[in-house]
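This report refers to the structure that appears directly beneath it.
The values are calculated or read from the model by the stated rules, or taken from the named source; none is laboratory data. These figures come from a predicted structure and were not determined experimentally. Here Cβ is always computed from backbone atoms with ideal geometry, including for glycine, and neighbour counts include all displayed protein chains. What goes into the accessible areas is simple: the full protein's heavy atoms, side chains included, and nothing from ligands, DNA or RNA. Shrake-Rupley method; radii C 1.70, N 1.55, O 1.52, S 1.80 Å.
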Amino acid sequence: MNKLTQEMPLSMSIKPPSATHAESRKAAGAEQEKTAPQDTAATQDTAAPSNIAVGITALFKGLEKTLTLLMVLALVAMIVLVFVNVVLRYGFNSGISISVELSRFLFVWVTFMGAVTALIRQEHLSVNTFADKLPAAMRAGLDRLVTLAMLGCCLMLLKGSYAQTVLNWSNLSPISGIPVGVFYLAGLMAGVLMSLILLWRLLTPLALHAVTPRVAPSHASDSQGDTP
């Protein structure tokens, strides 16, 4: 033991292991502080467009609620006009002459507003027999292709409705005096709104407009009952 202590240099110092661990922790903390602002900035940059996308999707949801309210009011007005006109005609041998044409106008507008709300809710008729058998990547591409085809049809509806609205706006209905172009204005409104909705779906991820991968039902759901 005396020989070992004599051969060991006097300037050599031994650090306790706790000191080395403390220095390593300080160095790691400094590196994390340097990289933390960059990470937060990156997350803010990626979160900004997603917030905008969610906001526009919420705007379409608000449009759906507004159109639903207008459809309810239009249906109530149609029911009241037709009912009162029938009662007056068969009970008092009279009637409201404007009720027939006004009900016809309201029915056309309810039809096209319903088409817009059904598109927002994705409740239009679709056949998924072939699409359900495809992989997820191919199914997403097929959804984009179908959306593009629907956009083309809506643009044709927009163009034709605009031409008919301008052409028939000077023609007045014989009883109510409402321009006949109001009929075609409903198609123009639906063409514009549906084109905007479909264009937005082409430019955004599928998850934002409630397109989820279709999976086979599991046995667990059968035991728990039907889910909405």
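Some values worked out for this structure:
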{"read-out": "Percent carbon-and-sulfur accessible area, the stretch 99-163, ignoring ligands, DNA and RNA, probe 1.4 Å", "value": "73"}
{"read-out": "Extension gain, Val108 back to Leu203 (0.36 nm per residue minus Cα-Cα distance, nm)", "value": "31.1 nm"}
{"read-out": "Ranked by how many other beta carbons lie within 10 Å on average, peptides 87-94, 183-190, 110-117, 71-78 from highest", "value": "183-190, 110-117, 71-78, 87-94"}
{"read-out": "Centroid-to-centroid separation of the stretch 71-130 and the stretch 135-185 [C-alpha atoms, Å]", "value": "19"}
{"read-out": "HN-Hα J in Hz across the stretch 72-86 - Karplus 6.51, -1.76, 1.60, θ = phi - 60°, x for Gly and Pro", "value": "5, 5, 5, 5, 5, 5, 4, 5, 5, 5, 5, 5, 5, 5, 5"}
{"read-out": "Computed lengthening from Ala77 to Ser176, 0.36 nm per intervening residue step minus Cα-Cα distance", "value": "34.1 nm"}
